[in-house]
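Here the structure is laid out as structure tokens; the discussion comes afterwards.
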Amino acid sequence: MDINSLAVIFLNQLSGFGPRTIIELISNLNNLNKMWSLNKQQLINLGLTEKKIRIFNDQKEKFKPQKIAAELKKKNINYLTFYNQKYPARLKEIYDPPPVIFYKGVLNFQLPAVAVIGSRNSTVYGRKIASRTASKLAEKGVNIISGLANGIDSTAHQGALAADCGITTAVLGNGFDYLYPSQNKLLSQKIIAKGLMLTEFNPAVAPRAKNFPRRNRIISGLADLILVVEAGEKSGTLITVDYALDQGKDIMAVPGNIDRPNSVGCNRLIKKGAAIFTQVSDIIDFLSRYLQQIDSENEFVNDAKQISKIYPELNSDEIKILKLFQHEVEIYYADLLKLSNLTTEKVDKILIKLELMDLIIRLKGKKYQFKGLQNLLKPI
């Protein structure tokens, strides 16, 4: 039993113990469980105010690690804290990262991710753009992130799920004991089955207006790029954009008619320097450059092999994966892992890059098919 992580979950529900307080405690104490044996002065030395110390001392006897773990297991809720290696690196880099993430579904933080966001009071045009864009990106193996809200958010999730093997992530502004909005029950079930649903809030936290701005920093934090489809003059979507800018993320916006209220926010973002989105290739080009930048430290193949002449942008590990399609045009994911002898994280990253280059496609049943010019690979 991970006592430290369960201690984080306990503190996460105490009044006044926000992300910054808990992260500071984690930084100052290698073993967070030591808090329960510290006196007042020692707690003050950790940076706690007298009010927070009083709250902690009043509640600390209620900390029952086994009970917390059992309740989460009963509700099929998984969790990651700062103590877990699988905690997403992207979130560790943002200001005020959540000390704990509760989740249902399959972790997908290794995938390139695009946040598709917009107004709840969306137009037919906006929903069409969100759905088509999310679907086409999902076909390429891109994780579509949004907030499960009505309008653009839910449409983006639906578009991603409509693609074969499409993956999407929903970030909630409440705990898992609640579903908000309630009409998205079926959609949430589909997301959990094929993607990921997560929240920083303990299960019993109800949806409140103050929670959603906090949620938005996670949406932007998990994404490599933010696409704003529609946004009014005072849209909550722009809060996500502000977080994204603080996090150094790139912003794209869909231009709209100047006489439509839902276009005001997007058009202003474009005037301020956001990239104009007109087609899916705008995002694909960005992600391709992004992946190439990540792999820039890898050595590229410089020999005379034909595959390196055809695809000079591939490094040695990527060529190793591509060569596996020489004898079998369709290969199961498990076989790619076994035959390549590479780590799961590295294989996942390579497969995404090859998909973005339109060299392979994902099939149902965790299988991949070579899509390039097969005659070019025969001499290998």
note = In whole percent, the fraction of accessible protein surface over the chain that belongs to carbon or sulfur atoms, probe radius 1.4 Å, stands at 48 percent
query = Which residues does a label at T49 reach in region 21-42, if reach means a backbone N under 19 Å from a point 7 Å past the Cα toward the Cβ?
reply = 21-26, 40-42
query = Using Cα pairs under 8 angstrom and six or more residues apart, how large is the relative contact order of region 12-78, in percent?
reply = 28 percent
inquiry  = Could you give the length gained by full extension between Q42 and K128, i.e. 0.36 nm per residue of separation minus their alpha carbon distance, to one decimal place?
reply    = 25.3 nm
Mean separation of Cα contacts under 8 Å (6+ apart) over length of the chain, as relative contact order % = 13 percent
remark   = With DSSP loop assignment and no more than 16 other C-beta atoms within 10 Å, the trypsin sites (Lys or Arg not before Pro) in region 204-278 are R208, K210, K234, K272
request  = Could you check the simple spin-label distance between R208 and D285, using points 7 Å along Cα→Cβ, in nm with one decimal?
outcome  = 4.6 nm
query = Using 18 Å as the cut-off for backbone N distance, which residues of region 110-138 belong to the label zone defined by a point 7 Å from the Cα of S340 along Cα→Cβ?
reply = 110-113
request  = On a 0 to 90° scale, report how tilted helix 185-194 is relative to the longest principal axis of the chain, with both axes built from alpha carbons and the result rounded to the nearest 10.
outcome  = 60 degrees
inquiry  = Can you show me the helix-derived [θ] at 222 nm for the chain, built from DSSP H runs with n ≥ 4 at -39,500 (n - 2.57) apiece and divided by the number of residues, rounded to the nearest 500.
reply    = -13000 deg cm²/dmol
inquiry  = Could you tell me the calculated FRET efficiency between S15 and A193, based on Cβ-Cβ distance and R0 = 35 angstrom, to the nearest 0.05?
reply    = 0.50
query = What accessible area per residue, rounded to a whole number of Å², is obtained for the chain using a probe radius of 1.4 Å?
reply = 49 Å²
Contour minus Cα-Cα distance for K62 and T278 (0.36 nm per residue) = 72.3 nm
Extension gain (nm, one decimal) between I258 and Q110, 0.36 nm per residue minus Cα-Cα = 49.4 nm
key: Cleavage-rule hits, chymotrypsin sites (Phe, Trp or Tyr not before Pro), region 90-198, DSSP coil, Cβ neighbours within 10 Å at most 12   = Y95
ask   = Relative contact order (percent) for region 88-207, with alpha-carbon contacts under 8 angstrom and 6 or more residues of separation?
value = 29 percent
remark   = Taking every DSSP bridge whose two residues both lie in the chain, the antiparallel percent to the nearest 5 is 45 percent
message = Among S263, S122, S281, which one shows the highest mean-square fluctuation when the chain is modelled as a Gaussian network with alpha-carbon springs under 10 Å?
response = S281
Accessible-area value, K349, 1.4 Å probe, nucleic acids and ligands omitted, Å² = 60 Å²
Phi-based couplings in Hz for region 266-282 (Karplus 6.51, -1.76, 1.60; Gly and Pro marked x) = 5, 5, 5, 4, 5, 4, 8, x, 5, 5, 7, 9, 10, 7, 4, 4, 4
inquiry  = Angle check, please: helix 50-59 long axis (alpha carbons) against the longest principal axis of the chain (alpha carbons), in degrees 0 to 90, nearest 10.
reply    = 90 degrees
request  = Provide the per-residue ³J(HN,Hα) series for region 339-346, in order, calculated from phi with Karplus coefficients 6.51, -1.76, 1.60 and θ = phi - 60°, each as a whole number of Hz, with x at glycine and proline positions.
outcome  = 6, 7, 6, 9, 5, 4, 4, 5
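The values are calculated or read from the model by the stated rules, or taken from the named source; none is laboratory data. These figures come from a predicted structure and were not determined experimentally. Don't worry about glycine lacking a Cβ; one is built from the backbone with ideal geometry, like all the others, and counts go over all protein chains shown. The accessibility values were calculated without ligands, DNA or RNA, using every heavy atom of the protein model including side chains. Shrake-Rupley method; radii C 1.70, N 1.55, O 1.52, S 1.80 Å.
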